[in-house]
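Reading through the structure tokens given below for one structure.
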Amino acid sequence: MNNKKAFIFDLDGVIVDTAKYHFLAWQKIAQALNINFTHENNELLKGVSRVRSLDIILELGNVHASQEDKNKWLIQKNEDYLSYLVDMDESEILPGVLKTLQLLKEKNQGIALGSASKNARPILEKTGILSYFDVIVDGNDVTNAKPDPEVFLKAAQLLKIDPKDSIVFEDSVAGIQAANTGEMVSVGIGEETILHEADYIFKDFTEIDTAFIEKLIN
Ligand code: BG6
Ligand code: MG
């Protein structure tokens with residue numbers, strides 16, 4: 001048995017609480033277009049690319065728009081989102097994440113980022129955890145968005161570890177489905193009612209202990 005595994009982390013909503021900033025930025029766009037956009041609707045956007053997210057919002061409001069307008073809103077959304085990240089530092093790392101990264105490093109495991117975001121690297125830099133990651137696969141590196149498993153398969157491949165020896169931490173339904181389709185172990189971080197397709201579910205990383213990580217490794 002290979003006891004070096006690939007531990008692949010989603011970023012938004014798993015490592016940092018940026019899901020709330022994505023929501024606020026999309027809500028501004030939705031409001032300007034008179035589209036009612038709720039927290040419940042927002043679940044559909046988690047793990048989904050920026051371009052696809054806008055399409056989902058427009059579909060919710062039954063709004064048809066030109067490519068020119070869409071491009072303008074995509075830029076607006078990202079500028080607004082980035083304005084929330086200006087003062088970002090290590091205090092925005094979600095509870096228990098750092099401890100888990102340290103444990104995995106001590107145990108010489110493969111660590112990767114598997115995110116749909118094109119803003120992943122600056123976020124890892126600002127929060128001071130870039131050096132934990134052996135491999136980063138983000139929205140700039142993939143053509144197929146989650147629930148397609150491409151982002152996670154690429155991460156495992158770059159770590160030279162089999163998909164079946166890979167574990168994915170995800171807060172989105174699309175991400176859990178991607179991990180499952182890729183035949184990886186899926187660990188949901190969040191609400192059981194939403195992430196019920198995951199192999200394991202925890203509220204946050206403070207619930208993940210050494211014994212659980214050791215079980216995954218062996
Ligand atoms: C995902 C988020 O991680 O990245 C989505 O869950 C977001 O909400 C997507 O839309 C793309 O991120 P970005 O930073 O490239 O707009
Ligand atoms: Mg996420």
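Counting only residues that are among the acidic types (Asp, Glu) and under 18 Å from VAL151 (Cβ atoms), which one in the range 79-138 is nearest to ligand 1 (Cβ to nearest atom)?
By that ranking, first place goes to ASP138.
Would the range 44-55 turn up any residue that is within 14 Å of ligand 1 (Cβ to nearest atom), closer than 23 Å to GLU150 by Cα, in contact with a strand residue (DSSP E or B) (Cβ under 7 Å, 6 or more places away or on another chain) and in a helix (DSSP H, G or I)? Taking every residue of the range 44-55 in turn, none turns out to be within 14 Å of ligand 1 (Cβ to nearest atom), closer than 23 Å to GLU150 by Cα, in contact with a strand residue (DSSP E or B) (Cβ under 7 Å, 6 or more places away or on another chain) and in a helix (DSSP H, G or I). Taken together, SER53, SER83 contain a single residue that is within 14 Å of ligand 2 (Cβ to nearest atom) and on the phi < 0 side of the Ramachandran plot, which is SER53. Which ones in the range 1-25 are of a type outside the set (A, V, I, L, M), crowded, with 20+ Cβ neighbours inside 10 Å and part of a loop (DSSP other than H, G, I, E, B)? Across the range 1-25, the qualifying residues are LYS5, ASP10, GLY13, THR18.
Here are the criteria: (1) over 24 Å from ILE201 (Cβ atoms); (2) assigned to a loop (DSSP other than H, G, I, E, B). Tell me which single one SER131 does not satisfy. Of everything listed in (1) over 24 Å from ILE201 (Cβ atoms); (2) assigned to a loop (DSSP other than H, G, I, E, B), SER131 misses just condition (2). Within the range 187-200, if we keep just the residues that are within 16 Å of ligand 1 (Cβ to nearest atom) and either touching a residue at least 60 places away in the same chain (Cβ under 8 Å) or among the hydroxyl-bearing types (Ser, Thr, Tyr) (or both), the residue that is surrounded by the most Cβ atoms within 10 Å (Cβ to Cβ) turns out to be ILE189.
Go through the range 86-107 and give me each residue that's in contact with a Gly (Cβ under 9 Å, 6 or more places away or on another chain), loosely packed, with under 13 Cβ neighbours inside 10 Å and either part of a helix (DSSP H, G or I) or on the phi > 0 side of the Ramachandran plot (or both). Once the filter is applied, which keeps residues that are in contact with a Gly (Cβ under 9 Å, 6 or more places away or on another chain), loosely packed, with under 13 Cβ neighbours inside 10 Å and either part of a helix (DSSP H, G or I) or on the phi > 0 side of the Ramachandran plot (or both), the range 86-107 yields only GLU90. Candidates ALA116, ALA120, ALA112: the one that is in contact (Cβ under 8 Å) with a residue 12 or more places away in the chain, crowded, with 17+ Cβ neighbours inside 10 Å and closer than 21 Å to PHE202 by Cα is ALA112. The set of residues in the range 168-187 being assigned to a loop (DSSP other than H, G, I, E, B) and farther than 17 Å from VAL97 by Cβ consists of GLY182, GLU183, MET184. Taking the range 109-128 as the range and being of a type in the set (Lys, Arg) and either away from ligand 2 (no atom under 15 Å from the Cβ) or touching a helix residue (DSSP H, G or I) at 6+ places or on another chain (Cβ under 6 Å) (or both) as the test, the residues that pass are ARG121, LYS126.
FYI, it's all coordinate maths here, none of it is from the lab. Bear in mind the structure is a predicted one, so any value in this text is a computation, not a measurement. Glycine gets a Cβ as well: all are built from the backbone with ideal geometry, and neighbour counts include every protein chain shown.
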